[in-house]
Amino acid sequence: MNLLTVGSVAFDAIETPFGKTDKIVGGAGTFIALSSSFFVESQGIVSVVGEDFPTETLDYMNQKGIDTTGIQIKEGEKTFFWSGKYHNDMNSRDTLVTELNVLGTFDPIVPPSFQGVDYLMLGNLSPDVQRTVIERLETRPKLIAMDTMNFWMDIAMDELRKTMQLVDVLIINDEEARQLSKEYSLVKAAKVIREMGPKILIIKKGEHGALLFHGDNIFFAPALPLEEVFDPTGAGDTFAGGFMGYIAATDDYSFENMKRAIIAGSALASFCVEKFGTQRLAEINKQDLNLRINEFVKLTNFEMNLA
Ligand code: AMP
C-alpha cells in the first residue's frame with residue numbers, strides 16, 4: 001500500500017437545477033479514494049461512519065482495492081450528513097445542512113498495516129484531525145497533500161496554520177486562496193500561501209481549470225469544456241484523488257510528473273460532474289479515462305511558427 005487517504009465518508013443530499021437526490025453516499029474521502037483507485041491497486045482510508053452506513057458501499061470500496069479497516073463504524077451513531085443546493089450557474093452553492101454526527105468526535109486511528117505509507121492525502125476535514133493523522137504516522141510519507149475549505153479558515157485558522165506547516169502540497173480553490181492570502185491576484189496569493197508552509201500549491205478554478213505552483217514553475221491545465229454539468233459535488237475531491245493516485249502509482253513528484261497528475265485529476269473530475277454523487281465514477285473504466293485524457297492532450301496541444 002503506498003497511498004493513504006483521510007477524509008469524510010458521508011451521506012449527501014443534493015439539489016441542482018436539474019434534479020434532487022435523497023441521501024446518497026458522498027464525502028470527500030469517498031470521492032478521493034474512488035478516484036485514486038483508477039491508478040493505485042491498493043490503498044487505505046481512515047474515516048468514521050455511523051451504523052446507518054451501507055456495508056455494500058464498504059464492500060464496493062474493497063473491490064476497488066480500498067482497504068476500509070481504517071473506517072471506524074460507530075454503533076448507535078449516525079454518519080456525517082451534508083446537504084447543498086446549487087445556484088443556476090452551478091459555480092456556487094449554499095450549504096443547507098451540516099450534521100457532523102460521528103465526525104464531531106472523530107479520533108482518527110491509523111491501523112498498523114497502514115504504517116510506512118509513501119503518500120498521504122488529507123481530504124477536507126478539521127485541521128486538527130488532519131494533523132493528528134500526520135503525527136500518528138511513524139515515518140513521514142514522501143509527500144503529504146492536503147485539501148481544506150473556507151469553513152475551517154473561518155473557525156479554525158490557528159489550527160489550519162499549524163497543519164499547513166506540515167504538508168508539502170495544498171489543494172484549494174481560487175476563492176479559498178484569496179481568503180487565505182488576503183490577495184486578489186492568484187500569483188500574489190500563491191506567494192503568500194507558500195510562505196505559510198506548503199511548497200507546492202494547486203489552485204482549482206472550477207470550469208476554468210487549475211494552476212500548479214511548484215518551485216519557480218507555474219503550469220496551467222484547462223477543464224474540459226463539457227456540454228452539461230449535472231452535479232459538481234465532489235469534483236474537487238475527485239481531482240485531488242486522481243492527482244495523488246497518479247503520483248503514488250508513478251512514485252514521482254517532480255514538476256513534470258505533477259503536470260500529468262493534474263491532467264489525470266482533471267479528467268476524472270470531468271466525469272464526476274456528469275451525474276449525481278459517485279455514480280459516474282462507478283460507471284467508467286480505465287479505457288473511458290484514457291480516452292478522456294487524450295481529449296485533454298488534444299485540447300492543449302498546438303504547433304506554431306515563431307514570429
Ligand atoms: P466538494 O464538492 O469537493 O467541496 O466536496 C463535497 C463533499 O464534501 C461532500 O460529499 C460532503 O459530504 C463533504 N463535506 C462537506 N462539508 C464538509 C465538512 N465540513 N467536513 C468534511 N466533509 C465535508
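The values are calculated or read from the model by the stated rules, or taken from the named source; none is laboratory data. The structure displayed is predicted, hence computed values, not measured ones. Areas reflect the complete protein model, heavy atoms only, side chains present, ligands, DNA and RNA absent. Shrake-Rupley method; radii C 1.70, N 1.55, O 1.52, S 1.80 Å.
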Report, in deg cm²/dmol and to the nearest 500, the calculated mean residue ellipticity at 222 nm for the chain, where each DSSP H run with n ≥ 4 adds -39500 (n - 2.57) and the sum is divided by the residue count.
-> -11000 deg cm²/dmol
Semi-axes (Å, rounded, descending) of the ellipsoid equivalent to segment 142-292 per its C-alpha gyration tensor are 25, 17, 14
Under Stokes-Einstein, segment 93-160 at 4 °C and 1.567 mPa s, with its Kirkwood radius over C-alpha pairs, diffuses with a coefficient in µm²/s of 96
Determine ³J(HN,Hα), in whole Hz, for all residues of segment 211-219 in sequence, where each value follows from phi through the Karplus function 6.51 cos²θ - 1.76 cosθ + 1.60 and θ = phi - 60°; x replaces Gly and Pro.
-> 10, 10, 10, 9, x, 8, 9, 10, 10
Please arrange His87, His208, His214 by accessible surface area, largest first, computed with a 1.4 Å probe and ligands excluded.
-> His208, His87, His214
Can you give the accessible area of Met90, probe radius 1.4 Å, in Å² rounded to 10?
-> 20
At 1.4 Å probe size, with no ligands or nucleic acids counted, give the accessible surface of Tyr253 in Å², nearest ten.
-> 90
Could you rank Glu41, Glu274, Glu256 by how accessible they are, 1.4 Å probe, largest area first?
-> Glu41, Glu256, Glu274
P(r) weight above 30 Å for the chain, C-alpha pairs, percent | 26
Over what distance in Å are the Cα centres of segment 122-197 and segment 211-235 separated?
-> 19
Long pairs among Lys20/Lys78; Lys142/Lys188; Lys142/Lys286; Lys78/Lys182, criterion Cα-Cα beyond 31 Å = Lys78/Lys182
Whole-percent pair-distance distribution, where bins are 10 Å wide, for the alpha carbons of segment 248-307 | 19, 41, 29, 8, 2
Could you state how much accessible area Leu166 has, in square angstrom rounded to the nearest 10, with a 1.4 Å probe and all protein chains kept in place?
-> 60
Order by accessible surface, 1.4 Å probe, largest leading, for residues Asp168, Asp94 comes to Asp94, Asp168
